[in-house]
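Worksheet for the structure shown next.
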Amino acid sequence: MSTAVGFVLETVQRTVNEFAAGIQQAAPKLLTGVVFLLLAYVAIRLVTSAVRHTLAAIYPDEQGLIVDLGATIAGIFLWFGAALTLLEILGMGEIAASLGTAAGFVALGVSYALSNMIADTVAGVYLLRDPDFNPGDRVKSDPVTGVVETIELRKTRFRNEEGETVVVANRDVEKKWTKLGDLDTDTNADATLDT
């Protein structure tokens, strides 16, 4: 019986010693990882803030969606890179490489699955930047003719001649649209011709 108790005590003592030695070996890596995370947090906040201010200077206030989208995408890429670097610091470089490769394949699949949404978003950015396409303009697009009510990142809302709101995907609007004369301009032109 005393040998069984001695064996258990010896096993517990060896386990505690190995655990303490493991903590002692891992402490520098953990400390380095914590310091890296703090520095990464500050750097990422600064970079995303700079991206946000740069985009805000380029785009007017009504195009705030583009600013938010750009800052969010920059933040996601930076945090993903920081996570892979942290894994490398902690000695898990193979896991970091596997995650990087897997993320590439996942991103490829997601981009294919969301290709229409991405096309709408890209077309929305172009429409928001176009000085000839603004809310209040009369526009003829393939599926609708009417007044542009709002331009969003993925869709544009029109008010047609019957007074109905028609929502059209931006990729369809961007393909081909024609700006028509404003209602007030047409009315004034007709009045001028009559006199």
Cβ pairs under 8 Å, 6+ apart or interchain, first in the stretch 35-62 and in contact (Cβ under 8 Å) with a residue 60 or more places away in the chain, second of a type in the set (D, E, K, R), ordered by first then second residue, are Y59/R129
Per the filter on the stretch 1-22, residues in a helix (DSSP H, G or I) and more than 29 Å from L90 (Cβ to Cβ) are S2, T3, A4, V5, G6, F7, V8, L9, E10
V122 vs (1) over 15 Å from L65 (Cβ atoms); (2) not assigned by TED's automatic domain parsing to the domain that holds F36: all pass except (1)
Worksheet item: Does the stretch 92-101 contain any residue that is in contact with a helix residue (DSSP H, G or I) (Cβ under 9 Å, 6 or more places away or on another chain), under 28 Å from I118 (Cβ atoms) and free of Cβ contacts under 8 Å to residues at least 12 places away in the same chain?
Response: yes
Within the stretch 63-91, residues being within 22 Å of L127 (Cβ to Cβ) and not charged (D, E, K, R) number 10
>> So, A40, is that one more than 20 Å from the chain's Cα centre (by Cα), surrounded by 14 or more Cβ atoms within 10 Å (Cβ to Cβ) and either within 22 Å of N170 (Cα to Cα) or not assigned by TED's automatic domain parsing to the domain that holds A169 (or both) or not?
In response: no
The condition from (1) assigned by TED's automatic domain parsing to the domain that holds G22; (2) closer than 30 Å to E62 by Cα; (3) outside any helix (DSSP H, G or I) that L78 misses is numbered (3)
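Report, by residue number, each residue of the stretch 122-140 that is in a loop (DSSP other than H, G, I, E, B) and surrounded by 13 or more Cβ atoms within 10 Å (Cβ to Cβ).
Hits for the stretch 122-140 are D130, F133, N134, D137.
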Out of (1) touching a helix residue (DSSP H, G or I) at 6+ places or on another chain (Cβ under 8 Å); (2) surrounded by fewer than 15 Cβ atoms within 10 Å (Cβ to Cβ), the one A119 does not meet is (2)
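For (1) in contact with a helix residue (DSSP H, G or I) (Cβ under 9 Å, 6 or more places away or on another chain); (2) within 30 Å of T150 (Cα to Cα), each residue gets a yes or a no:
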{"residue": "P28", "(1), (2)": "no, no"}
{"residue": "A40", "(1), (2)": "yes, no"}
{"residue": "I58", "(1), (2)": "yes, yes"}
{"residue": "G70", "(1), (2)": "yes, yes"}
{"residue": "L87", "(1), (2)": "yes, no"}
V139 fails exactly one of (1) touching a Leu at 6+ places or on another chain (Cβ under 7 Å); (2) farther than 21 Å from Q63 by Cβ, namely (2)
Checked L87, L65, L69 against criteria (without any contact (Cβ under 8 Å) to a residue 60 or more places away in the chain, part of a helix (DSSP H, G or I) and in the same structural domain as V34 (by TED's automatic domain parsing)); the one match is L87
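The values are calculated or read from the model by the stated rules, or taken from the named source; none is laboratory data. Everything numeric here is computed off the predicted structure, so don't read it as measured data. All Cβ positions, glycine included, derive from the backbone under ideal geometry; neighbour counts span all protein chains shown.
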